[in-house]
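Structure first, commentary second.
Only the coordinates and a few stated rules stand behind these numbers; no lab work does. Please read all numbers here as calculations on a predicted model, not as lab measurements. Note that we place each Cβ from the backbone using ideal geometry, even for glycine, and neighbour counts take in every protein chain shown.
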Amino acid sequence: MYKKCGNEIKAMEMFSDLRQFENAKDFLTSSDPKNVKGLIKRQAEWCKSTNDPGSAIDLYLAASAFSEAIEIAGKQKWNDKLLEIMRQLDKSYIEELRSCAFYFRELSKYEFAAEAYQKLGELNSLVELYIESHQWQEAFLLCDEHPEFKEAVYIPYANYLAENDKFDEAQEAYYIAGKPTEAVKVLEKLTHNAVAERRFDDASYYFWKLSMAYLKLANQAQTRGSEQEVTQYLDKFQDYQHRAE
């Protein structure tokens, strides 16, 4: 009846409502691309509701409904399918690529998440990812190219080292990050441990390093014109120099 009246869209919608998608396609010949995609999406939604996620993804992709396809692939933990979708997208698909990165992070597929952020050019997110996944070498390489991220990388790196009892390395990382007072705190921890464990040669060495650290802080305070801090740091310098002997 709809066809006889020339109302093909109504006929297509009727068959879609009846889930008779093959019949609905017969009325697409003169329809515009928007109607074609709409029908494909309705079929995809039907597949999704009947627990056929693979077919739903394929149909969503055919309709260029990338967000919906990504969501299904991510929730199904289908890494290969998610990667396939991501690599179809250019950098203009911002939210879709971010969604891919989100699911890859959830699935601990950090290298693929990094690929999404690199495609987007979102270096802040890339730095966060490297820190989250403890990919320190990749983070350092990024810092070499973009020194503005040095503090953002080296402070969590130093914290990570300290939490894993790697205090010597942590102290150096704090210095690289431009956080000398944090480096001093780590040195004080090392010194306390050496004294408590009666490792006196080590303790003497750490007392000497502490004295040098406070001398450096005194010089920096003098540059800032903070005489009170200069006096405080020099007192510490002399105290630790004496203990190191």
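Coordinate range of the alpha-carbon atoms in segment 89-245 per principal axis, descending: 65, 39, 20 Å. You can think of it this way: the chain between Phe200 and Asp239 has 12.4 nm of extra reach, that is 0.36 nm per residue less the Cα-Cα gap. Computed from label points 7 Å out along Cα-Cβ, the spacing between Glu229 and Leu141 is 3.7 nm.
Rule-of-thumb check for segment 154-245: C-alpha Rg over 2.2 N^0.38 Å?
Numbers: Rg = 13.4 Å, N = 92, 2.2 N^0.38 = 12.3 Å.
Compared with the compact-globule rule of thumb, segment 154-245 sits at 1.09.
Segment 177-245 and segment 67-108 have Cα centres lying 50 Å from one another.
Looking at segment 44-177, I'd like the Rg to Rh ratio, where Rg is from alpha-carbon atoms and Rh is Kirkwood's inverse mean 1/r. Please report the intermediate quantities before stating the final value.
On the way: Rg = 18.4 Å, Rh = 16.3 Å.
Rg/Rh: 1.13.
How much FRET efficiency would the formula 1/(1 + (r/R0)^6) give for Ala62 and Ser108, where r is the Cβ-Cβ distance and R0 is 35 Å, rounded to 0.05?
Step by step, r from the Cβ atoms, then E = 0.70.
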